[in-house]
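**Q** This structure is in structure tokens; I'll ask about it shortly.
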Amino acid sequence: MKSIKKFLIRAGILIFAIYFIYALITQQQLINTYAKEKEEYSNQITQAKEKNEELTEKKENLNSTNYIENTARDELDMVYPNDRIYIDSSK
């Protein structure tokens, strides 16, 4: 009887230890997964902030004469009267 109790106690302790180690490993894997997700989200936030700064700068410059002039010259191919236009024949 006494040896059966010892065996059951040792088996219970062993089962508990195995479960504890399993739970510890599983939780560590979850922590690693969450850490990777956190890093990805942090990178996305950083990129969104940079994009937001770019758009804010662009918004502030929309009504400046330099921006309007550069847009007209580059995108609409407009020129001032008496401007000399050079055409690159290699293109």
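What follows draws every value from the coordinates through simple rules; no lab data is involved. Here the structure is a predicted model, which is why all the values come from computation and not from measurement. Backbone-built Cβ (ideal geometry, glycine too); neighbour counts: all protein chains shown.
**Q** Which is farthest toward the positive dipole end of the chain among THR26, SER3, ASN61, measuring Cα position about the Cα centre, with Cβ charges +1 (Lys, Arg) and -1 (Asp, Glu)?
**A** Of the options given, the answer is SER3.
**Q** Follow-up question, since we're still on this one. Rank the residues ASP88, ASP74 as a footprinting-exposure proxy: fewest other Cβ atoms within 10 Å of their Cβ go first. Walk me through the numbers on the way to the answer.
**A** Numbers: ASP88 5, ASP74 9.
Neighbour counts put them in this order, fewest first: ASP88, ASP74.
**Q** Specify the angular offset, from 0 to 90 degrees and rounded to the nearest 10, of the alpha carbon long axis of helix 2-61 from the longest principal axis of the alpha carbons in the chain.
**A** Around 10 degrees separate the two axes.
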